[in-house]
């Protein structure tokens with residue numbers, strides 16, 4: 001990210017806390033936004049440049065295999081008008097060449113070795129002057145070294161944007177417009193915005209988002225191709241932060257750092273209050289790391305707690321491990337409405353249930369246990385509390401009221417899994433955190449919602465007093481297995497539904513509304 005962008009933004013951020021304390025700011029209608037998520041997107045910055053060679057097809061492919069869900073890249077324009085992917089203004093830092101990107105033709109750029117200076121030793125993974133053996137991919141692009149299995153020499157060269165889009169047709173991509181000379185003139189940004197629009201003119205994807213530090217470049221691109229989402233530049237961000245105004249036409253997400261040091265003052269940019277406000281106004285929040293931010297586990301956990309929608313990391317493999325193991329103790333209710341309206345919530349549920357059903361199908365076909373079983377949670381796994389909780393403005397008190405409400409609708413994807421299992425003579429157990437005293441109400445609601453046939457309902461003892469449901473649910477699954485059942489799939493919307501073992505596979509549905517420990 002351009003340091004000038006950060007400095008200019010943070011020069012106005014000193015008074016942001018005071019503005020936020022003045023009271024409620026004007027709110028835009030929280031329309032559906034596909035970038036608002038129940039859990040943050042793992043965005044591989046430059047393809048995860050600390051783990052893989054920066055902005056190479058090899059790096060992108062490896063990042064996605066490591067668990068990245070989205071790619072981040074920067075574009076410039078070659079001397080002969082081709083949109084090329086590279087972070088820096090010059091080719092010196094990462095390749096075996098010298099000079100600015102804008103001074104070279106595409107043919108000259110394609111002769112470069114984009115992984116020439118990449119090493120696995122930090123903190124500077126592109127430090128020059130080390131022994132040759134420190135650079136594991138040097139020479140692959142120029143065919144002086146054999147590429148790793150499954151890759152080609154082209155995967156280690158500087159890619160064009162067209163090549164990246166062709167290689168990853170179903171992967172969300174963040175595209176940043178940059179200038180490509182040291183002068184950093186606005187005219188350069190506008191020119192590159194125009195070339196980018198031309199390159200994307202026939203692209204019909206909806207999973208691309210475009211950003212630049214210069215608001216003029218964002219505005220120019222949006223004017224040329226308004227169907228693509230954008231993130232605001234410095235001016236648009238300052239207008240939203242300071243005056244409660246619109247950040248600009250077509251804006252779907254903010255992309256900002258965590259902190260910035262201005263003089264002797266450390267400014268907080270990504271805060272819970274700013275993220276909440278963005279969600280309430282229908283915008284997503286993607287976070288990148290400035291010079292004073294640590295791209296490390298403790299920071300990632302904090303960002304999860306603050307309900308950001310995307311984390312741009314240079315270490316996708318390490319971030320994936322944290323996201324898989326860390327259960328945030330805080331919900332993200334302000335993201336619920338735009339997340340739901342976008343249709344993303346429903347699609348994410350479908351994706352999770354489809355995977356669960358696929359695993360169940362494979363397991364039954366290959367090694368069917370004598371007594372196969374599926375365990376389902378109830379609230380926001382089998383029955384939806386969304387419409388009810390929405391009436392209480394997603395307040396925590398609304399959860400308790402909605403649990404005892406009659407007529408809760410089924411989550412149709414879970415009901416489909418239920419019917420699939422029952423048709424194949426797989427036992428189904430509903431294991432819920434609801435107390436035993438709600439048994440009759442729960443039975444009636446489940447059957448009215450379409451969960452018919454034979455199944456068992458396991459409910460929390462009325463006298464259960466522990467702060468977490470994990471011991472109770474683990475014990476319930478243990479009892480099921482002691483009866484001779486083999487739990488193939490355990491499906492729930494809370495980590496407390498899933499932790500503790502006694503299931504071959506566990507699948508978590510998204511739920512930003514509340515957290516049950």
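At a glance:
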| quantity | calculated |
| --- | --- |
| Residue in the range 163-171 that is at positive phi and either modelled with pLDDT under 95 or out of contact with any strand residue (DSSP E or B) (no Cβ under 8 Å at 6 or more places or on another chain) (or both) present | no |
| Residue, modelled with the highest pLDDT, within the range 317-327, restricted to residues that are part of a helix (DSSP H, G or I) and either in the same structural domain as residue 389 (by TED's automatic domain parsing) or under 15 Å from residue 495 (Cα atoms) (or both) | 322 |
| Failed condition for residue 113, given (1) surrounded by 21 or more Cβ atoms within 10 Å (Cβ to Cβ); (2) out of contact with any strand residue (DSSP E or B) (no Cβ under 6 Å at 6 or more places or on another chain); (3) over 29 Å from residue 287 (Cβ atoms); (4) free of Cβ contacts under 8 Å to residues at least 40 places away in the same chain | (4) |
| Every pair of residues 6+ apart whose Cβ atoms lie under 8 Å, when the first sits in the range 430-451 and is free of Cβ contacts under 8 Å to residues at least 24 places away in the same chain while the second is crowded, with 16+ Cβ neighbours inside 10 Å | 439/457; 439/459; 443/457 |
| Options 497, 440: the member that is more than 16 Å from residue 375 (Cα to Cα), assigned by TED's automatic domain parsing to the domain that holds residue 351 and part of a helix (DSSP H, G or I) | 440 |
| Where residue 154 falls short, out of the listed (1) out of contact with any helix residue (DSSP H, G or I) (no Cβ under 8 Å at 6 or more places or on another chain); (2) over 19 Å from residue 89 (Cβ atoms); (3) surrounded by fewer than 19 Cβ atoms within 10 Å (Cβ to Cβ) | (1) |
| Unique residue being touching a strand residue (DSSP E or B) at 6+ places or on another chain (Cβ under 9 Å) and part of a loop (DSSP other than H, G, I, E, B) when the list is 67, 81, 59 | 67 |
| Search result, residues across the range 197-240 that are in contact (Cβ under 8 Å) with a residue 60 or more places away in the chain and out of contact with any strand residue (DSSP E or B) (no Cβ under 9 Å at 6 or more places or on another chain) | 234, 238 |
| Checklist (1) within 23 Å of the chain's Cα centre (by Cα); (2) part of a helix (DSSP H, G or I); (3) modelled with pLDDT of 95 or more applied to residue 237, failing item | (3) |
| Residue within the range 116-135 that is surrounded by 13 or more Cβ atoms within 10 Å (Cβ to Cβ) and under 29 Å from residue 187 (Cβ atoms) present | no |
| Qualifying position, being touching a strand residue (DSSP E or B) at 6+ places or on another chain (Cβ under 8 Å), more than 27 Å from residue 387 (Cα to Cα) and in a loop (DSSP other than H, G, I, E, B), among 476, 503 | 503 |
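The values are calculated or read from the model by the stated rules, or taken from the named source; none is laboratory data. Small disclaimer: the values here were computed from a predicted structure and weren't measured. All Cβ positions, glycine included, derive from the backbone under ideal geometry; neighbour counts span all protein chains shown.
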